[in-house]
Every structure is written in structure tokens, then in C-alpha cells.
Amino acid sequence: MKWHSLYRVFPECPEPPFLLDGGGEDAAIRRLRSFGLDSKVISLLGCAGERETVEVVAGAIGMPQDVENWDAFWDLLQEFFVDPEKTVVVHISDAGQIAERDVRRFARMVVRFSRITESVERGGQGASQLEFVYWGSWGRVTGG
């Protein structure tokens with residue numbers, strides 16, 4: 001499997017986290033497919049806590065959903081993405097709303113998902129890829 005840089009797919013967003021303007025999800029998914037990348041769209045706005053968030057993400061990427069916390073999720077990821085090779089881009093459709101409601105929660109989420117991306121890359125020795133893309137209206141959040 002060839003590692004795909006999302007910078008080529010999303011030139012409007014030069015570096016992670018990939019904060020993309022809402023409304024362009026369908027076109028982005030088509031672009032990702034043209035690069036051979038599988039996409040999963042999820043909503044995390046209704047997740048009350050860590051366990052629910054882990055369950056939604058795990059379910060989207062095809063992992064068992066009975067994972068209780070981030071540590072257990074991390075452990076399973078190592079095995080899940082090594083054999084066979086997998087490439088998945090998870091689109092968080094309501095990320096902008098989450099950031100507007102609770103910027104700290106959003107920041108923690110981005111940090112955790114960034115670490116997961118790095119962990120999959122290291123654990124799969126570059127053969128697997130898991131990326132997260134955040135959709136929303138970012139003007140109020142970023143001041144732009």
C-alpha cells in the first residue's frame with residue numbers, strides 16, 4: 001500500500017488538523033476515493049463521554065465497539081491496522097459544532113486522534129493509514 005498525503009487531496013488545508021469548511025463532504029469523499037482512500041462519516045456531537053466517542057469511532061472503522069476507553073482502543077488499533085493493511089479517513093461531520101460548544105473537548109479530541117494517526121503509522125510500519133478530517137464552519141472558532 002502506498003501512503004497518501006492528505007495535503008495533496010486537500011490543498012486548501014496545508015497541515016493537520018484538517019479543518020475543512022462544511023458542505024464539501026461529498027466532493028471530498030469522491031477525491032479521496034480517486035486516491036484509493038476509504039471514507040467513513042461520523043457524528044460525535046451526541047457523544048456524552050469517552051466511552052461513547054470510542055464506540056462510534058471504533059464502529060466506523062470496523063473495529064469491535066465494546067472498547068471501554070482510549071487505552072483499550074489504542075491497544076486494539078495496533079492489531080487491527082497491521083494485518084491486513086488498511087487505509088481509512090474518518091470524517092467528523094459535526095466537528096465545528098463541537099468546537100463552538102466546547103473548545104477544550106474539541107482540542108482533546110484532535111490531540112487524541114492525531115496520536116492515533118501516528119500510532120497506526122508506526123505500528124503498521126507505514127503500510128496502514130488512519131486519518132481524521134474535521135468539518136464545520138471554522139470562522140468563529142479560528143477567528144477567521
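Tabulated data for the structure shown
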{"read-out": "Subset of the range 8-42 that is small (G, A, S) and outside any strand (DSSP E or B) - its residue that is nearest to R108 (Cα to Cα)", "value": "G22"}
{"read-out": "Candidates E68, E55, E50, filtered to the one that is under 14 Å from the mean Cα position of the chain (by Cα) and at pLDDT below 90", "value": "E55"}
{"read-out": "Candidates G22, G46, G59 - the one that is touching a residue at least 24 places away in the same chain (Cβ under 8 Å) and of a type outside the set (A, V, I, L, M, F, W, C)", "value": "G22"}
{"read-out": "Pick from the range 76-93, criterion modelled with pLDDT of 80 or more and either surrounded by fewer than 18 Cβ atoms within 10 Å (Cβ to Cβ) or of a type in the set (S, T, Y) (or both), ranking: nearest to L6 (Cα to Cα)", "value": "T87"}
{"read-out": "Residues of the range 37-50 satisfying the condition of being out of contact with any strand residue (DSSP E or B) (no Cβ under 7 Å at 6 or more places or on another chain) and surrounded by fewer than 17 Cβ atoms within 10 Å (Cβ to Cβ)", "value": "S43, L45, G46, A48, G49, E50"}
{"read-out": "Unmet criterion (only one of (1) closer than 18 Å to L6 by Cα; (2) at pLDDT 85 or above; (3) not hydroxyl-bearing (S, T, Y)) for G96", "value": "(1)"}
{"read-out": "Failed condition for V67, given (1) surrounded by 15 or more Cβ atoms within 10 Å (Cβ to Cβ); (2) touching a helix residue (DSSP H, G or I) at 6+ places or on another chain (Cβ under 8 Å); (3) under 14 Å from G136 (Cα atoms)", "value": "(3)"}
{"read-out": "Lone qualifier among R33, R104, R112, R8 - being in contact (Cβ under 8 Å) with a residue 24 or more places away in the chain, of a type outside the set (F, W, Y) and exposed (fewer than 14 other Cβ atoms within 10 Å of the Cβ)", "value": "R8"}
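The values are calculated or read from the model by the stated rules, or taken from the named source; none is laboratory data. Please read these numbers as outputs of a predicted model, since none were measured by experiment. Because the Cβ atoms are built from the backbone with ideal geometry, glycine has one as well, and the counts that use them run over all protein chains shown.
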